[in-house]
1. Rounded to the nearest Å, what's the spacing between the alpha carbon centres of segment 69-101 and segment 321-369? Just the number, please.
2. Please identify the longest segment of the chain free of exposed GluC sites (Glu not before Pro), where exposed means a DSSP state other than H, G, I, E or B and no more than 14 other Cβ atoms within 10 Å.
3. Sequence neighbours fewer than 8 away in the same chain don't count; with that in mind, list the lysines whose C-alpha is under 27 Å from Lys335.
4. State the percentage of accessible surface on the chain attributable to carbon and sulfur atoms; use a 1.4 Å probe and exclude ligands, DNA and RNA.
5. Step through the residues of segment 294-309 one at a time and calculate ³J(HN,Hα) from phi using the Karplus curve (6.51 cos²θ - 1.76 cosθ + 1.60, θ = phi - 60°), rounding each to whole Hz and writing x for Gly and Pro.
6. Please turn the phi angles of segment 139-151 into ³J(HN,Hα) values with the Karplus equation 6.51 cos²θ - 1.76 cosθ + 1.60 (θ = phi - 60°), one per residue in order, whole Hz, x for glycine and proline.
7. Can you find, among Val339, Pro325, Val265, the residue sitting farthest towards the positive end of the charge dipole of segment 252-387, where Lys and Arg contribute +1 and Asp and Glu -1 at Cβ?
8. Please give the helix 17-42 orientation as an angle from the longest Cα principal axis of the chain, in degrees from 0 to 90, rounded to the nearest 10.
Amino acid sequence: MTHSKSTARLRRFLPQPLDRVAVVLIVALCLLIGILLLNGEQAAARVRDFSWQGKQVGADDTAFTLTFSRPMDRDSVESNLRVEPPLPGKVSWSGRRMAYTLNTPAPYGTKFQVQLQEAYDRFSEGRSAAIQPFKGQFQTRDRSFAYIGVDGEEAGRLVLFNLNQQQKQILTPSELVVMEFQAYPLGDRLLFAATQRTTQPSMLTEQQLFTVTTGIRIKPPVQPYAQVTADIAPPSDAPAGKVELVLDNKDYQNLKFDLSADGNVIVVQRVNRQNPSDFGPWLLKTGAPPQPLKGDPGGDFVITPDSNSLAIAQGQGLAILPLQPNSKPLDFLPKFGMVLSFAKDGSLATMVKFNSDNTRSLFLVSNQNTQKELFRTTGSIISTHFDPTKQTLYCLLTELLTEGEVYREQPYLAAIDLKTAKLRPLVLLPNQRDVQVSLAPDGLALLFDQTTEAAQGKTEAGELSTSMGKAIADSRLWLLPLDAADLNAKPQPEALPLPGLRPLWLP
């Protein structure tokens, strides 16, 4: 009896079969963890994700990110990162993610490589465990623009031209005469106003709004640092040349229009055919029927870069209106009579003041309520364009010339240094009264047209006309290369072998 009790006590302290299995498993797991830790120390760090890999980058894509498998020695990464061709920028960090923000937009029509080697993680002993060599690639969008043709089968039709591929394509059908157009943010569609070619004559009061696809399909990166923060209108996957009616002219005449930066809003100035006193801006939002903004009628207008408001001339000043019917103005600027343009991020705008001495002043206005007069002229201030860095303003201006008792305006292109307000003439445009200028999204070139009026000056059915209503006999496109870094450079315009007018760079 005593022996059996002793044996029972002994068994209580000896490992049982299940216990032995548990002990073996614990030991095995400890060994496995040790092996993994040892291997982890020996495995090189690597780039897990490159946000621009295989993407097509536009001017609004301002930064790419590299995400690493380990916390990195930041100095070694920054000193060994290479972008070819070079793209100057600055680096910032958030944990294992590095962001590289470009100083200026990447030049269009270019392929780039991003390489990193000889960088180290933060916990490496010595420099024996360099990062796995990384090589990524991306490219910018092609240099493409659209214009209205003037010769032969192109006359009055939208034409797309790809400078990189030297390819031209007619987009709109022959029965439509295009008057004006704007581009959607991904360049996949154009919004345009057109009349039927049979209209006698082609007049603004008879135009309807359409969209047409360009056939351009890009793969944009997901860009948390994009300047346009609103949701971009979804791209079209239709082939080039698909036309859709957006707004007819049965009950209302359609006049000036503007397309928002995100592509989701159109504002159109409309006049009731039965009651001309019923006029004003109408709002067209994606997926919703058109509706009048109502409120006080106004004149010229521009949608703000955030796609939420409208800057419109009202009474003796400029009103900033929410894009909602019957809304009260957010702000009113009684000093100015016209808004010309906004910087992409909305921080700056150019506005015109009409002075009591019959001169006009161009002002730089910030969203911090600062106002700076850039220059004053007896001529006209037709259009302005901010370069991507907001350091230079490109302008289409006129100089008032006196010839005896006859006055005429001499158009010219100029650049203004926004820091010093120094104006530098670029190109004189003799005998021009109707010029349209477009600044490339990367800021490296201007497009403009040179129009010749017909001798008879009358517009026949289907013919193109200037903004003054004169028939157009011919029009040519010109390219002006720019170097914003060298304000003393004297660029020379290059004639393009393209008969057309109203050129517009695609985003």
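1. 40
2. Maximal segment without exposed cleavage sites: 176-404.
3. Candidates past the 8-residue exclusion: Lys256, Lys294, Lys344, Lys353, Lys372, Lys390, Lys419, Lys422.
4. After summing per-atom areas, the C and S share lands at 52 percent.
5. For segment 294-309, the Karplus curve yields 6, x, 6, x, x, x, 5, 8, 9, 6, 5, x, 7, 6, 10, 9 Hz.
6. 9, 8, 5, 5, 6, 10, 8, 10, 7, 9, x, 10, 10
7. Working it through, the farthest residue towards the positive pole turns out to be Pro325.
8. 50
The values are calculated or read from the model by the stated rules, or taken from the named source; none is laboratory data. Since this is a predicted model, take the numbers as computed values, not measurements. Counting neighbours? That spans all protein chains shown, and the Cβs are built from the backbone with ideal geometry, glycine included. Just the protein is used for accessible areas: all its heavy atoms, side chains included, with ligands, DNA and RNA removed. Shrake-Rupley method; radii C 1.70, N 1.55, O 1.52, S 1.80 Å.
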